[in-house]
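Before any comments, here is the structure.
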Amino acid sequence: MKTQLFIELLAKRAGPAPRAPVLQRMAPAVAAGLFVSALFALISMGSIPAAMYETPAPWMKLIYGASLALAAGWLTARLSRPVARTRWPVLAVLAVFAVMLGLGFLTWMVAAPEQRMAALFGDTWLTCPRNVVVLSLPALAGALWAVRGLAPTQLTAAGFNAGLMAGALGAMGYALVCPEVSATFVAVWYSLGILLTGLLGAFLGPRLLRW
Amino acid sequence: MPLETDKNDFEASLKPVWMRAQQGDEAAYREALEKIASRVRGFLRWRMQAMPDEIEDLVQETLLALHLQRGTFDPGMPVSAWVTAIARHKLVDLWRRRGRRDNRHDALDDVDEELLVAEPAEDGAQRDLDRLLRELPEVQRQAIVLTKIEGLSVSAAAMQTGISESAIKVQVHRGLKRLAQWVKDTGS
């Protein structure tokens with residue numbers, strides 16, 4: 001077929017460009033991922049006692065997860081376009097990690113030496129990263145589906161950040177059932193679970209995000 | 001820097017037309033696609049010297065991808081950079097596919113040289129739209145034929161087929177998307 005004819009075909013009745021397609025695809029993926037992850041966590045592991053919500057611990061985890069999901073989601077949205085301006089969202093993601101790690105380190109520093117091991121490992125360090133990863137999988141599937149329908153050109157980076165966002169959403173779900181209270185614990189083991197989800201996304205990106 | 005100036009000129013002449021097209025101006029969209037097509041053709045010709053027969057196929061594949069993803073254009077960025085990024089993505093994808101396929105059929109070197117001489121391609125792609133359209137589900141094919149080939153308005157097409165206007169738009173989009181996917185998977 002002649003290209004001229006093909007252009008006629010594309011332009012005919014084309015209408016205006018779709019508005020905000022990135023937000024339109026990402027928003028439902030994020031909402032569904034968070035919902036499924038929270039639901040699955042509550043059903044399979046049971047909620048933390050209500051009294052715990054009067055302490056800062058769950059809120060710290062939820063705020064960490066939400067800030068990281070926002071920053072990584074912003075970056076993922078940028079990377080879903082063929083030409084990506086990534087400077088500010090990259091800084092935002094790094095800033096969220098830096099604040100959490102700094103908080104974890106401070107908590108560790110001010111803890112009495114005999115309490116430091118408990119602050120770092122808690123009772124559940126072996127299962128925490130794994131649970132975060134597992135609870136992130138619905139959000140990861142949703143995020144990859146969303147990005148796949150858009151136009152990323154840096155597939156590994158897009159997959160990695162979709163993974164970070166999903167990991168942060170999974171961490172929010174896990175915050176509802178996790179008994180740990182120390183910021184050091186969250187800074188290390190939550191972050192590890194989130195990073196592992198990011199790596200999974202980076203691995204899947206080049207395989208699933210072609211268009 | 002003549003090349004830079006050339007780039008700037010291209011961007012300056014394309015951007016206003018493109019912005020009108022994004023708002024839904026059909027004539028502007030056609031004009032923008034024409035400018036873009038010749039730009040992409042130049043970009044690919046330079047990089048596909050080993051497969052001249054396939055340049056036009058890839059020009060059209062790029063145009064289709066660009067059409068389907070026109071919502072991802074960021075008005076704060078140059079159109080030309082956006083177009084080039086899509087063309088490059090499609091080219092890399094072609095190399096990847098080709099690499100895979102050529103590994104399976106290693107007989108390329110044995111072909112009679114005479115058969116490899118390029119036809120004097122006259123701005124046409126090798127694939128045949130009618131054949132592609134026949135592969136689509138009926139409702140998608142019909143939506144594309146009515147609006148995009150016969151040029152009916154969306155509301156007229158909706159009337160004729162008895163489905164809603166928004167459903168027509170969705171079917172056209174899905175049909176084009178499926179064509180793009182199909183072309184990509186089969187490379188034909």
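Is there a residue being surrounded by 15 or more Cβ atoms within 10 Å (Cβ to Cβ) and farther than 24 Å from residue A:21 by Cβ anywhere in segment A:74-81? Talk me through it step by step, then tell me what you get.
Quick first cut of segment A:74-81, residues surrounded by 15 or more Cβ atoms within 10 Å (Cβ to Cβ) only: A:74-81.
Imposing the further condition that a residue be farther than 24 Å from residue A:21 by Cβ reduces the set to none.
Looking for residues that are surrounded by 15 or more Cβ atoms within 10 Å (Cβ to Cβ) and farther than 24 Å from residue A:21 by Cβ, one finds none in segment A:74-81, hence no.
Right, residue A:195: touching a residue at least 60 places away in the same chain (Cβ under 8 Å) and either within 29 Å of residue B:173 (Cα to Cα) or assigned to a helix (DSSP H, G or I) (or both) or not? Give the derivation first.
Numbers: touching a residue at least 60 places away in the same chain (Cβ under 8 Å): no; either within 29 Å of residue B:173 (Cα to Cα) or assigned to a helix (DSSP H, G or I) (or both): yes.
It is false that residue A:195 is touching a residue at least 60 places away in the same chain (Cβ under 8 Å) and either within 29 Å of residue B:173 (Cα to Cα) or assigned to a helix (DSSP H, G or I) (or both).
What is the residue count in segment A:24-37 for residues that are within 14 Å of another protein chain (Cβ to nearest Cβ) and either under 16 Å from the mean Cα position of the chain (by Cα) or of a type in the set (Phe, Trp, Tyr) (or both)? Spell out the reasoning first.
First, the residues of segment A:24-37 that are within 14 Å of another protein chain (Cβ to nearest Cβ): A:24-26.
Checking which are either under 16 Å from the mean Cα position of the chain (by Cα) or of a type in the set (Phe, Trp, Tyr) (or both) leaves us with A:25-26.
Of the residues in that region, 2 qualify.
Kindly evaluate residue A:130 against the criterion of being outside any helix (DSSP H, G or I) and on the phi < 0 side of the Ramachandran plot.
Details: outside any helix (DSSP H, G or I): no; on the phi < 0 side of the Ramachandran plot: yes.
When the stated conditions are applied, residue A:130 does not pass them.
What is the residue count in segment B:68-84 for residues that are under 22 Å from residue B:47 (Cβ atoms), assigned to a helix (DSSP H, G or I) and at the interface with chain A (Cβ under 9 Å from one of its Cβ atoms)? Break it down stepwise before answering.
Initially, segment B:68-84 is screened for residues under 22 Å from residue B:47 (Cβ atoms), giving B:69, B:78-84.
Okay, now just the ones that are also assigned to a helix (DSSP H, G or I), so B:79-84.
Filter once more, so that each one left must be at the interface with chain A (Cβ under 9 Å from one of its Cβ atoms): B:81-84.
Adding up the residues that qualify gives 4.
Got at least one residue in segment A:16-32 being farther than 30 Å from residue A:158 by Cα and not in a helix (DSSP H, G or I)? Before the answer, list the steps.
Of all residues in segment A:16-32, those farther than 30 Å from residue A:158 by Cα come to none.
No: segment A:16-32 contains no residue that is farther than 30 Å from residue A:158 by Cα and not in a helix (DSSP H, G or I).
Give me a count of the residues in segment A:41-90 that are within 14 Å of another protein chain (Cβ to nearest Cβ), in a helix (DSSP H, G or I) and either among the charged types (D, E, K, R) or without any contact (Cβ under 8 Å) to a residue 40 or more places away in the chain (or both).
Number of matching residues: 5.
Can you name every residue in segment B:167-182 that is within 11 Å of another protein chain (Cβ to nearest Cβ) and of a type outside the set (D, E, K, R)? Break it down stepwise before answering.
Our first condition is that a residue be within 11 Å of another protein chain (Cβ to nearest Cβ); within segment B:167-182, this holds for B:168-169, B:172-173, B:176-177, B:179-181.
Matches in segment B:167-182: B:168, B:172, B:173, B:176, B:179, B:180, B:181.
Output the qualifying pairs, or none if there are none: Cβ atoms under 6 angstrom, residues six or more apart or on different chains, first residue in segment B:23-42 and facing another protein chain (nearest Cβ under 8 Å), second residue buried (at least 17 other Cβ atoms within 10 Å of the Cβ) and in a loop (DSSP other than H, G, I, E, B).
Pairs found: B:29/A:14.
Mind counting the residues in segment A:115-137 that are at pLDDT 90 or above, more than 24 Å from residue A:29 (Cα to Cα) and charged (D, E, K, R)?
Count: 1.
Among the residues of segment B:1-19, write down those that are free of Cβ contacts under 8 Å to residues at least 40 places away in the same chain and either at the interface with another protein chain (Cβ under 10 Å from one of its Cβ atoms) or crowded, with 19+ Cβ neighbours inside 10 Å (or both). First the steps, then the outcome.
Kept after step one, since they are free of Cβ contacts under 8 Å to residues at least 40 places away in the same chain, are these residues of segment B:1-19: B:1-6, B:8-9, B:12-13, B:16-17.
Within segment B:1-19, just B:17 meets the criteria.
Which one of A:93, A:36 is surrounded by 21 or more Cβ atoms within 10 Å (Cβ to Cβ) and in a helix (DSSP H, G or I)?
Values: A:36 fails: surrounded by 21 or more Cβ atoms within 10 Å (Cβ to Cβ).
Being surrounded by 21 or more Cβ atoms within 10 Å (Cβ to Cβ) and in a helix (DSSP H, G or I) holds for just one of A:93, A:36, which is A:93.
The values are calculated or read from the model by the stated rules, or taken from the named source; none is laboratory data. Bear in mind the structure is a predicted one, so any value in this text is a computation, not a measurement. Cβ: placed from backbone, ideal geometry, glycine included. Neighbour counts: every protein chain shown.
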